[in-house]
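The structure appears right after this line, and notes come after that.
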Amino acid sequence: MVDADQTFVIVGGGLAGAKAAETLRAEGFTGRVILISDERDHPYERPPLSKGYLLGKAERDSVFVHEPAWYARNDIELHLGQFVDRIDRSAKTVRFGDDGTLVRYDKLLLVTGAEPRRLDIPGTDLAGVHHLRRLAHAERLRGVLGSLGRDNGHLVIAGAGWIGLEVAAAAREYGAEVTVIEPAPTPLHGALGPELGEVFAELHREHGVRFHFGRRLTEIVGQDGMVLAVRTDDGEEHPAHGVLAAIGAAPRVGLAEAAGLQIADRAHGGGIVVDERLRTSDPDVYAAGDAANSPLARSGTRVRVEHWANALNGGPAAARSMLGQEVTYDRVPYFFTDQYDLGMEYSGWAPVGSYDQVVIRGDAGKREFIAFWVKEGRVLAGMNVNVWDVTEPIQKLIRSAAPVDLDALADPHVPLDSLVS
């Protein structure tokens with residue numbers, strides 16, 4: 001069968017899906033490419049939603065992966081505002097949920113992403129309770145932060161993860177009062193551990209953010225349908241004119257699960273199980289981005305990575321795999337954040353409990369340093385804070401999986417490249 005007779009279907013209209021479609025054409029695929037998104041906006045990138053666009057420093061059009069005309073120009077059949085409600089693997093079809101239309105595929109890519117976890121407490125139906133995942137959420141929240149800033153209003157954020165902290169920083173730049181409620185003892189506790197989480201806590205305190213650690217929201221209090229306050233499990237009440245639920249995201253796996261594809265359990269990150277070629281348990285179905293659970297390079301473990309770089313690189317890798325090319329998707333996880341005057345890049349994977357020490361190179365007090373999470377002398381992850389152009393040597397250290405001299409690792413005068421054998 002020649003390319004022109006084949007149909008490749010992509011379900012999911014985020015960065016991974018758009019980059020997969022782009023790669024199929026760039027690699028010379030001449031068959032049908034069908035991209036289906038349940039959002040009405042063209043595929044866009046998500047980092048600006050909690051960074052530049054939310055702050056009003058980036059225009060709306062800047063978030064889109066391609067200009068709208070690109071899809072027609074590259075003969076990509078784009079279906080916006082439509083969703084797939086069924087995959088029939090035996091017939092190799094997907095079904096549109098609105099009208100029941102069936103589309104046959106030769107290869108199918110699932111890039112269905114993730115959705116924000118919901119607070120399960122009274123009051124979540126009040127106006128003024130927000131999530132941040134989609135462009136429409138960011139548009140709404142941008143207006144809310146502006147209003148809160150003008151009126152000295154209070155924003156309460158449930159969760160001190162990356163989204164919670166980035167929105168906290170944006171809200172303070174608008175002039176809003178910000179309170180963060182977090183069950184863990186520090187921000188970013190699961191991602192960075194207590195040692196580095198405290199760095200971010202102090203950064204935000206310096207900018208006026210109030211933290212309540214070891215606490216959970218139990219109720220959102222309102223009047224006439226509007227948010228007035230929140231209550232926490234210690235019985236305290238905190239003023240609130242808006243609430244952001246930033247308690248994590250869950251992979252959108254319902255479609256894949258109903259089709260009988262293998263799904264990882266939540267203890268292992270959830271998501272659609274894929275191999276190093278991003279193939280699911282069905283060899284004609286692939287998955288990438290936030291929804292995929294893939295092998296972690298050189299670790300013997302599996303992870304589900306929700307960050308931008310995984311979508312940027314995973315979509316093209318899946319496309320090449322669909323084309324029958326030899327693909328090994330083993331990139332070191334990478335993400336970044338900007339909060340106030342702090343810029344950070346993180347490479348690797350070192351959840352709490354996986355490492356035995358943290359090595360600091362530089363001055364953590366001045367927030368100009370590199371932190372390394374180390375186990376048995378081997379670097380699992382590295383985070384550079386206001387130190388630049390070091391991602392490549394950090395990732396080389398991680399990939400090498402070789403023991404390093406920890407004194408040299410901590411010494412800013414020793415080039416990182418010299419530590420990689």
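No value in this document is a laboratory result; all are computed from the given coordinates. Just so it is clear, the structure is predicted and the values come from calculations on it, not from any experiment. Neighbour counts run over all protein chains shown; Cβ positions are idealised from the backbone, glycine included.
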Point to revise | Computed [θ] at 222 nm, deg cm²/dmol, the chain (DSSP H ≥ 4; -39,500 (n - 2.57); rounded to nearest 500) | key: -7500 deg cm²/dmol
**Study point:** Choice from 353, 153, 113 showing the highest fluctuation, given a GNM over the chain with Cα pairs closer than 10 Å
**Key:** 353
Review point. Any idea which of 74, 90, 15 is furthest toward the positive side of the dipole for the chain, if Lys and Arg beta-carbons carry +1 and Asp and Glu beta-carbons -1?
Key: 90
Review point. Tell me, in nm to one decimal, what length is gained between residue 83 and residue 125 on full extension, where the rule is 0.36 nm per residue of separation less the Cα-Cα distance?
Key: 12.6 nm
Review point. Which of the lysines could a cross-linker span from residue 51 if the Cα-Cα distance has to be under 30 Å and same-chain partners fewer than 8 positions apart are dropped?
Key: 19, 366, 396
Check your understanding: Computed FRET efficiency, Cβ-Cβ of residue 205 and residue 139, R0 45 Å: what is it to the nearest 0.05?
Key -> 0.95
Point to revise | Simple label model, 7 Å out from Cα along Cβ direction - residue 226 to residue 375, nm | key: 5.1
Exercise for review: Could you please state, rounded to a whole Å, how far the C-alpha centre of the range 156-204 is from the C-alpha centre of the range 331-358?
Suggested key: 15
Review point. Which net charge results when you count Lys and Arg as +1 and Asp and Glu as -1 among the other residues whose beta-carbon is under 11 Å from that of residue 20?
Key: +2
Check your understanding: Out of the DSSP beta bridges found with both residues in the chain, what percent are antiparallel (nearest 5)?
Key -> 60
Revision key, fill the gap. Computed about the Cα centre, the charge dipole of the chain from +1 Lys/Arg and -1 Asp/Glu charges at the Cβ has a magnitude in debye, to the nearest 20, of 540
Review point. Calculated from the structure, semi-axes √(5λ) of the Cα gyration tensor in Å equals which of [x] 36, 26, 20; [y] 41, 25, 19; [z] 35, 30, 19?
Key: [z]
Exercise for review: State the extension gain, in nm to one decimal, for the chain segment bounded by residue 26 and residue 64, taking 0.36 nm per residue of separation less the distance between their alpha-carbons.
Suggested key: 11.8 nm
Review point. Could you give the nm distance between label points at residue 405 and residue 74, where each point is 7 Å from its Cα heading toward the beta carbon?
Key: 4.8
Point to revise | Förster-model FRET efficiency, 22 Å R0, residue 392 and residue 342, C-beta, rounded to 0.05 | key: 0.55
Check your understanding: Taking H as built 1.01 Å from N, whose amide H comes closer than 5 Å to the amide H of residue 292, not counting residues under 5 places away?
Key -> 272
Exercise for review: Would you calculate the separation in nanometres between label points at residue 96 and residue 257, each defined as 7 Å from the Cα along the Cα-to-beta-carbon direction?
Suggested key: 2.7
